[in-house]
Amino acid sequence: MDKEVELVYKTSLDGQHIMNVPDPRENLTLAEATAAMNAIIAANVFSTKTGELVGIVEARIHTSETIALV
């Protein structure tokens, strides 16, 4: 099963941007994810189609499983 953290940000042009981080630690906490997201926002190094990252919407863990049929 594949697992990734999805970091969802609010952008300056009233949109959202999602960053996907593969293979998170099993014991990753909300506090750690929030701190990382705040550091990324403060560094202001990313610009997206919907503007700069200006706030946190949510952090979530996404899992998926691939099953070959052949």
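The values are calculated or read from the model by the stated rules, or taken from the named source; none is laboratory data. These numbers were taken from a predicted model, which means no experiment stands behind them. Glycine also receives a Cβ, built like all others from the backbone with ideal geometry; neighbour counts cover every protein chain displayed. The accessibility values were calculated without ligands, DNA or RNA, using every heavy atom of the protein model including side chains. Shrake-Rupley method; radii C 1.70, N 1.55, O 1.52, S 1.80 Å.
Side notes on the structure shown:
- Residue-averaged 222 nm ellipticity for the chain, from DSSP H runs of 4+ at -39500 (n - 2.57), nearest 500: -6500 deg cm²/dmol
- Within the chain: Cβ-based charge dipole about Cα centre, in debye rounded to nearest 20 (Lys, Arg +1; Asp, Glu -1): 180
- Percent accessible area from carbon and sulfur atoms, the chain, protein chains only, probe 1.4 Å: 56
- The residues of the chain expose, per residue, 73 Å² of accessible area to a 1.4 Å probe.
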